[in-house]
C-alpha cells in the first residue's frame, strides 16, 4: 500500500485567458486545503460518529463485516477478530468481545456459506468458525495457501464472494525493483474455489487494497501510486486483463495464466498510459483516476452504495476510503463504447485516522475502519472505527457527470440558478494525465486548459450541458463549477470540482461546431522539469567556494528510515559554514529535505499540502521566504546532493519532508551553533 497525506478541495478557478499551460500553475490556480468550516459543513449532511475503543484494545481495523442484529465483526492488522455490539447507538458505548487472535495481518472478512467466516491472511485464505458455541473461534481451516516470499509489502486483500460462489483475493507485489514478484501470482487478482483451487484472473495490480463486484456483476479495484502507477486509480477488471504493473507478468508464463504479455513487452517511456496501450494490445488503462494528493494518496476500500437512499442522494454510486488523507471520496462510472470511465468527487473529510475499510450497516450508515499503520495519516489517531450517518439533509452538489460528444453533462442535487449556471465563466475545465513508467509516481503532465464555449441549462434546472474544446481521450479532466449557485437560496456547491477520466467520447449530436482554428490553441504544453537547479536547490558546487575538496566546510549525509523518519533528527553546523548535504532515500516511498527558518517547518508542510496537482512539479516545496534550501523529491534508493551556506544567526532551524502529510512526523532540527 502507499500512503499519506491531506486533502484538497479545489475551489480556485483556472485563469480564464490562459489556455495551454505549463505543469506549474500559478498561485492563483492552486487548490485550497479544506478549512474547518468546510468540514463542519460536510458534518451537517453526514455526521461522523467515532466509536470509543477501550485502552487495552489496539483496533487497527482491516476488515468489517456487518452482522444481523446491528452487530459488527472486524479484523485488525494485529491479527485479531472482534465482535462489536452497540456500534449503531446514538451515543455509542460499544461492547467488544474477542472472537479470534493469532492471525497474520488479515485484511478482510466475509461470511462463509458453509458457516463461520472467510479471512484472507498474508499466507492463506482461512475459514474460521466457532463450532462449540462459546463465542470464541475454535476452527481455523486452511482453504488455500497463498504464495509469499516474506516481503512486508506482500499483502493479501479480501476475500470478496464472486457471483459464481468462488472467492476472489488481490495479491500485492513485493517491494524492491526487479524482485517485486519473487513468487507466483504476486500482482494478480486470483479466484479460489471452495475446495481450494487457485485460478489466476488478471495481472498488473500493484497495491490493490480495495476491490468489489458491483450490483451489475462488474469487478473494480483501487490501486496506489508507486512504480508504474502515476496516481491512485480505479480499474475495471475482466479475466485476462493486464492493468499496468509488469511485476505480475513474471507469472504469465506459468500454466493457468490468463495473460500473454511478458515483462519485456512493457516499455518505460514515460508516455501517458493510454498512448502506450494504443500500441501494445492487452494494456488496460484505468476507468477513473484519483488525482494524487487531491482525491487521496493511499486509496483503499471501495464500496457501492446499495442502501436504497438510506445513505443519501448518491445511491448506486461508489465510495472510496483513503488511508493517508483520512477521507472518503465519491465516484460515478458509466460505460461508453464498451469502456468504463467516470468522475471522482470530494465527499467527506475530517476522519480521526487513515481509512482502510468501508462497510454499509443494516441501517444504511457507513462504517470506516482505520489505521495509521506507522505510515501516518492526516487524522492524528493511530487506529479507530467510525460511523457516518446521513442527517437527511441534501447538500447542493454535482450529483453526477457524464461525457458528451463535445463536453460534459453535469447533474445537480438541487435546481441551479439559471443565470449563474448559463454563464460560461462559471466553469473551468482543464485536462492532464500522468506518466507511465517504472519510476515511482508521476507529476501531472500535459496540462491544458479546455475553454468553455457554450452552456445549456435544462428546463428543470437539475442538469447543465457544458461544451468545451481541447478535450482529449485518455486524459483526466478537472471540471470546476465554482460560479454556479443554487436556485432556491443562492448557495455555492459544497464541493465545486470533479475529475472526469475521458477514455472514450460518446456518439451523439454536438452543440458546438468543430472549429479548425482551435487546433493551435489545443496544443499540449511542454512538461516542466522538477529537478532543475535553483538558488534554493543548488546541485552544483558554488564557484566561489574555491576549495580543493569541493565539498565545503562540512559534509552531512542524511538518510531515511521506515515509518516516515529521518535517520538523524539533530544536525549541527557552524554559522555561515559551507555545507554539502547528501540526502539518501533508503525508504520505500518518496521523500525530500526542506530546510526552513526557525519554527516554520509545520507551516511550510501545510503550504505544501495546498499545491495540488502543481505540487509534484515543484518538489512539493511552496514558494515562501521561510524555505531556505531543499532537495528534490527523491525516489526510493536514490539520492540528491545540495550545497548551501548555513545561516549566520545561531538557532534551531526546522527541516522537514514536505511531501504531502509527511511533515507532521518527518522532521528534525539543524542547529546553528553559537
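What follows draws every value from the coordinates through simple rules; no lab data is involved. Model, not experiment: these values are computed from the prediction. Cβ placement follows ideal geometry from the backbone for every residue including glycine, while neighbour counts extend to all protein chains displayed.
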Task: Principal axis box of the chain, alpha-carbon based, largest edge first, Å - done: 80, 60, 55
Open item on the list: Between residue 43 and residue 334, what's the calculated FRET efficiency when r is the beta-carbon distance and R0 is 22 Å? Round to 0.05.
Closed with: 0.15
Task: 485, 168 arranged by Cβ crowding within 10 Å, fewest neighbours leading - done: 485, 168
TODO: Set the Förster radius R0 to 41 Å, insert the Cβ-Cβ distance between residue 419 and residue 55 as r into 1/(1 + (r/R0)^6), and round the FRET efficiency to 0.05.
DONE: 0.15
Open item on the list: Run the simple label-point estimate for residue 264 and residue 531 please: 7 Å along Cα→C-beta, distance reported in nm.
Closed with: 2.8 nm
Task: Inter-centroid distance (Cα atoms) of the range 52-114 relative to the range 455-480, Å - done: 44 Å
Task: Distribution of pairwise C-alpha distances over the range 543-672, 5 Å bins, in % - done: 2, 12, 22, 24, 20, 13, 5, 2, 0
Task: Difference of contour (0.36 nm per residue) and Cα-Cα distance, residue 489 to residue 139 - done: 120.1 nm
- [ ] Go through 497-508, 268-279, 242-253 and give me the packing order, highest mean Cβ count within 10 Å leading.
- [x] 242-253, 497-508, 268-279
TODO: Grab the beta carbon distance between residue 218 and residue 183, set R0 = 35 Å, and tell me the FRET efficiency rounded to 0.05.
DONE: 0.75
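Quote to one decimal, in nm, the extra length available between residue 671 and residue 279 on full extension: 0.36 nm per residue of separation minus the C-alpha distance between them.
135.7 nm
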Task: Normalised contact order of the chain, rounded percent, pairs of Cα under 8 Å and 6 or more residues apart - done: 13 percent
TODO: Determine the gain in length on full extension of the stretch residue 638-residue 510; use 0.36 nm per residue of separation and subtract their C-alpha separation, reporting nm with one decimal.
DONE: 41.1 nm
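Using packing as a proxy for protection, rank 611-621, 99-109 so that the peptide with the highest average count of other Cβ atoms within 10 Å comes first. Could the numbers behind the result be given before it?
Working: 611-621: 25.6, 99-109: 20.3.
Top of the packing list down: 611-621, 99-109.
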Task: Packing-based order for 194-204, 85-95, 432-442, using average beta carbon neighbours within 10 Å, highest first - done: 432-442, 194-204, 85-95
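Ranked by Cβ crowding within 10 angstrom, fewest neighbours first, how are 488, 591, 153 ordered? Kindly include the intermediate steps, with their values, before the conclusion.
Numbers: 488 12, 591 26, 153 16.
With the fewest neighbours first, 488, 591, 153 line up as 488, 153, 591.
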Task: For the chain, calculated [θ]222 nm from helices alone, where every DSSP H run of n ≥ 4 adds -39500 (n - 2.57) - done: -1000 deg cm²/dmol
